[in-house]
Amino acid sequence: IGNIGNSQYIANLTIGGAAFKPESSDFRISSDLWVDGTVPNSSDTGISASISYAIGTAAGNIHTAQANFSDFSVASQAYLQVTDSKSFGALASEGISGLAGLGPGFSSVIRNAAGTKGDTLLDNIFQLNKTTSNFITFLLSRNGDPTDTDQGEFTISQVVAGHENITNQPHLPVNELSGSNRLNQHWTTLLDHIIGPDGKNIPLSSIVDDTPSGQLVTILDSGFTFPQVPRKVSDAIYGRVQGANYSVQQGMWFIPCGQELNISVVMGGVTFPIHPLDTSSSDFGFKFADGTLACAGTFQPISTAFSLGGDFDAVLGQSFLRNAYTLLNWGDFVDDTSAARGQPFIQLQPLTSQTQAHQDFVNVRLNGVDTTGSSQYKLLSQGKSSPLASGERVQHIEGFV
């Protein structure tokens with residue numbers, strides 16, 4: 001899988017004999033496949049549908065055609081043929097033709113509109129061989145890291161060579177939703193701790209009922225470039241940095257690019273160090289008021305638009321996922337398999353060495369001269385808090401009601 005600017009991960013997919021380049025990276029809302037453009041040798045079902053995302057909406061008629069993905073071939077794959085993708089301008093500008101959703105099939109807009117003939121791409125692939133395990137794995141590469149030798153890889157029912165130990169990692173149970181909420185099912189599990197840049201655990205408090213004290217209900221979502229965390233957690237990571245500034249317009253902290261911040265996420269009792277090139281990003285060209293380059297604090301305060309339902313607290317996006325080899329096991333999320341597969345689960349294998357990551361940071365951000373210990377990068381004793389926009393405050397109150 002290719003990497004565009006550490007924000008889009010892409011793979012090739014052939015539909016109806018034509019090659020398309022979808023962004024294979026959405027684990028949040030959609031389980032659906034959509035394509036912008038005319039697909040040859042396809043059939044129009046006459047059923048219309050609309051898929052809404054955090055940014056953008058894909059709408060059109062549901063079509064079917066033969067689909068080929070890697071070595072897998074699905075004779076009749078349902079997809080949405082989108083007639084207007086202007087709201088996905090960032091995809092179109094990179095020549096990306098659509099999006100392949102990788103969530104549970106029962107949350108699929110197309111499946112719920114078209115019935116079983118609207119099964120998702122992955123459900124159809126899993127059903128090609130009902131004796132194999134229903135799981136995928138992925139490695140996300142890191143552009144700009146001189147020692148990141150992993151190519152981006154995506155596998156179905158097998159693991160990447162050299163990473164076989166993933167199957168020995170703890171099984172993280174998926175928080176399954178019930179009733180009508182199942183249409184919004186995510187790859188959601190519990191987060192134990194977040195270790196801040198001072199080496200201490202950041203206090204955590206969940207908005208989700210019955211969550212164990214000090215833990216967060218967290219979505220794994222490669223469709224998010226930046227992780228989304230409770231505001232107090234984001235403030236604890238960036239608020240003590242000298243020269244840090246919070247942008248209400250962008251909804252994130254900006255910090256000096258020479259500031260190395262080492263944090264870790266703990267899940268299933270396993271610690272995942274986050275590469276300092278992922279804790280802040282220089283990929284987007286932000287600047288301070290004086291014109292100097294500003295690095296984006298990638299762990300953003302979570303937007304209430306995603307958390308008002310009270311089903312989760314955080315979203316761990318690409319800046320986290322580059323630090324973990326990820327396995328998602330569908331279990332009984334897949335229909336029509338020959339035997340009970342058990343509960344779905346997640347396994348994660350740490351990838352980042354803090355020692356090597358520090359040297360990478362020095363070489364990339366500090367031109368090889370290690371000044372991370374200088375006084376200008378010492379954390380302040382008293383941190384700043386990010387302001388809560390008035391509109392967001394109203395949303396909080398409405399959500400509580």
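Within segment 10-32, is there a residue that is of a type in the set (S, T, N, Q), at pLDDT 85 or above and open to solvent by 10 Å² or more (accessible area, probe 1.4 Å)?
At the first step, the residues of segment 10-32 found to be of a type in the set (S, T, N, Q) are 12, 14, 24-25, 30-31.
Now restrict to residues that are at pLDDT 85 or above: 14.
So of that shortlist, the ones also open to solvent by 10 Å² or more (accessible area, probe 1.4 Å) come out as 14.
Yes - at least one qualifying residue is present in segment 10-32.
Here are some residues: S213, S234. Which one is among the hydroxyl-bearing types (S, T, Y) and over 29 Å from N3 (Cβ atoms)?
Values: S234 fails: over 29 Å from N3 (Cβ atoms).
The match here is S213.
Filtering segment 340-350 down to residues that are more than 14 Å from L316 (Cβ to Cβ) and touching a residue at least 12 places away in the same chain (Cβ under 8 Å), which residue is most open to solvent (accessible area, probe 1.4 Å)?
Q343
Would you list the strands (runs of 3 or more DSSP E) that sit entirely within segment 275-394 and hold 1 or more residues that are under 21 Å from V248 (Cβ atoms) and at pLDDT 95 or above?
By residue number, 294-297.
Quick check on L261: is it of a type in the set (A, V, I, L, M), in contact (Cβ under 8 Å) with a residue 12 or more places away in the chain and either touching a Gly at 6+ places or on another chain (Cβ under 8 Å) or open to solvent by 30 Å² or more (accessible area, probe 1.4 Å) (or both)?
Judged against the criteria, L261 is not a match.
What are the residue pairs meeting all of these: first residue in segment 35-47, first residue part of a strand (DSSP E or B), second residue open to solvent by 50 Å² or more (accessible area, probe 1.4 Å) and among the aliphatic types (A, V, I, L, M), Cβ atoms under 8 Å, and 6 or more apart or on different chains?
D36/A92
Take the residues in segment 227-241 that are open to solvent by less than 10 Å² (accessible area, probe 1.4 Å) and part of a helix (DSSP H, G or I); name whichever of them is farthest from L316 (Cα to Cα).
My answer is Y238.
Does A59 satisfy being within 25 Å of the chain's Cα centre (by Cα), at pLDDT 90 or above and either surrounded by 16 or more Cβ atoms within 10 Å (Cβ to Cβ) or under 22 Å from G223 (Cα atoms) (or both)?
No; evaluated as a whole, the condition is false for this residue.
Read through the list (1) of a type in the set (V, I, T); (2) within 30 Å of T45 (Cβ to Cβ); (3) without any contact (Cβ under 8 Å) to a residue 40 or more places away in the chain, then give the number of the only condition that I136 fails.
(3)
The values are calculated or read from the model by the stated rules, or taken from the named source; none is laboratory data. Being a predicted model, the structure only gives us computed values, none of them experimental. Heads up, the Cβs are rebuilt from the backbone with ideal geometry, glycines too, and the neighbour counts pull from every protein chain shown. The area values use the complete protein model at the heavy-atom level, side chains included, leaving out ligands, DNA and RNA. Shrake-Rupley method; radii C 1.70, N 1.55, O 1.52, S 1.80 Å.
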